[in-house]
1. Quick one: would you say Asp52 is in contact with a Phe, Trp or Tyr (Cβ under 9 Å, 6 or more places away or on another chain), surrounded by fewer than 18 Cβ atoms within 10 Å (Cβ to Cβ) and of a type in the set (Asp, Glu)?
2. Report, by residue number, each residue of region 65-91 that is modelled with pLDDT of 85 or more and within 18 Å of Glu26 (Cβ to Cβ).
3. So, of the residues in region 17-64 that are acidic (Asp, Glu) and within 18 Å of Val114 (Cβ to Cβ), which turns out to be modelled with the highest pLDDT?
4. Please identify the pairs in which a residue from region 115-144 that is over 15 Å from Ile99 (Cβ atoms) has its Cβ atom under 7 Å from the Cβ atom of a residue that is surrounded by fewer than 22 Cβ atoms within 10 Å (Cβ to Cβ) and among the polar types (S, T, N, Q), counting only partners at least 6 apart or on another chain.
5. Tyr162 is checked against (1) buried (at least 16 other Cβ atoms within 10 Å of the Cβ); (2) within 22 Å of Gly34 (Cα to Cα) and fails just one. What number does that condition carry?
6. What number of residues within region 27-40 are assigned to a helix (DSSP H, G or I) and without any contact (Cβ under 8 Å) to a residue 60 or more places away in the chain?
7. With the requirement that a residue be at pLDDT below 85 and of a type outside the set (D, E, K, R), what does region 115-125 give you?
Amino acid sequence: MHVQEWLETVPPLAIYLLVGVVIGLESLGIPLPGEIILVSSALLASQHGEIDPFVLGACATAGAIIGDSIGYAIGRKGGRPLLAWLGAKFPKHFSEGHIATAERSFQKWGMWAVFFGRFVALLRIFAGPLAGVLRMPYWKFLTANVLGGILWAGGTTAVIYYVGVVAESWLKRFSWLGLVAAVLIGLTSMLIIKRKAKNAQTAHREPEPVGAGD
């Protein structure tokens, strides 16, 4: 059963809660398909009047902001040992290479890494905890977190919903294409980050050349 077909069997209130909780947990640092759930729910809202897109977007935005904030607090308290623990629990997501890539992004872009990280599947789970570990000033983190959460969660809901309304008859037959597109975008983002992480990890492990005078 596809995600959207399953969501059609769930009451609207449960969908609001599901979207908020899944996106919140993903933002907190737990690898979950928040984007897929959000896109599927927004498509469903465009086809069924029982689901209010404004409430859906608000729940998604709240989940993103609150989850990231909790992740920041956990990262600030847990520090580097937390990243090591996450690497042991989720090696595919929190490998040394991925962490190194994310750290370079934070060092280069600062608070904007939190903002733009919201739009990259893999960086979404890093932003909160890593900002806390690196002790980014909370006001900078909160500003980027709120702006990124509103634009990503609210914007995604609005775009998918209105596209669904305009092309309702087409989407009723081919709604799965929207989900496939979201998955492909997510996978492409992850592949790019993984490639950069792999290159960073390889460079990190290469021994430094020994000088002639050593």
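1. Yes, satisfied.
2. Selection gives Ile65, Ile66, Gly67, Asp68, Ser69, Ile70, Gly71, Tyr72, Ala73, Ile74.
3. Filtering region 17-64 down to residues acidic (Asp, Glu) leaves 26, 35, 50, 52.
From the residues that got through so far, the ones that are within 18 Å of Val114 (Cβ to Cβ) too are 26, 35.
On the way: Glu26: 89, Glu35: 86.
Checked region 17-64; the qualifying residue modelled with the highest pLDDT is Glu26.
4. Ala121/Ser189
5. (1)
6. Within region 27-40, residues that are assigned to a helix (DSSP H, G or I) and without any contact (Cβ under 8 Å) to a residue 60 or more places away in the chain number 1.
7. The answer is Phe116, Gly117, Phe119, Val120, Ala121, Leu122, Leu123, Ile125.
Rundown of residues vs (1) in a loop (DSSP other than H, G, I, E, B); (2) within 21 Å of Ala158 (Cα to Cα), yes/no style:
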site: Gly49; (1), (2): yes, yes
site: Thr61; (1), (2): no, yes
site: Ala73; (1), (2): no, no
site: Gly79; (1), (2): no, no
site: Ala100; (1), (2): no, no
site: Arg104; (1), (2): no, no
site: Ala113; (1), (2): no, no
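The values are calculated or read from the model by the stated rules, or taken from the named source; none is laboratory data. All figures in this text were calculated on a predicted structure; none of them were measured in a lab. We place every Cβ from the backbone using ideal geometry, glycine too, and count neighbours over all the protein chains shown.
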